[in-house]
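Structure, as structure tokens:
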Amino acid sequence: MAKIRANLKVIGDVQGVTFRWFIQRKAKDSGLTGWVKNLPDGSIEAIVEGEKEKIEELIKKCWHGPIFARVDDLEVDWRNYTEGFNDFRIIF
């Protein structure tokens, strides 16, 4: 199966509610690589690489997020796969 990269921006009440940890856990469980971090505007950014179907499944899960999160919007920018990561990390 072909691999791809997705740049995600999760907008809403997503900081301080374990959202980064949630994304990291779901990505690792799916064999995806990349990173996730908080942005100064209160949103979360993630770069994810792997099989498109698995990334699409992660995106669906992000719409729900952890229990105390509220997702208002989720922007996805599909890119070419770069094989730039060995694992999935939280960037502080």
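Throughout, read-outs are computed from the coordinates displayed, never taken from laboratory work. Keep in mind the model is a prediction, meaning the values are calculated, not measured. Don't worry about glycine lacking a Cβ; one is built from the backbone with ideal geometry, like all the others, and counts go over all protein chains shown.
For the chain, the longest principal axis of the C-alpha atoms and the axis of helix 52-64 are separated by about 10°.
Take the Cα of Ile59, step 7 Å toward its Cβ, do the same at Asp41, and the gap between the two points is 1.9 nm. Extension gain, Thr18 to Lys52, is 9.8 nm, computed as 0.36 nm per intervening residue step minus the present C-alpha separation. The protection proxy used here, the mean number of other Cβ atoms lying within 10 Å of each residue, ranks peptides 53-60, 85-92 as follows, highest first: 53-60, 85-92. Can you tell me the 0 to 90 degree angle between the C-alpha axis of helix 19-29 and the longest principal axis of the chain, rounded to 10? So the inclination is approximately 30 degrees.
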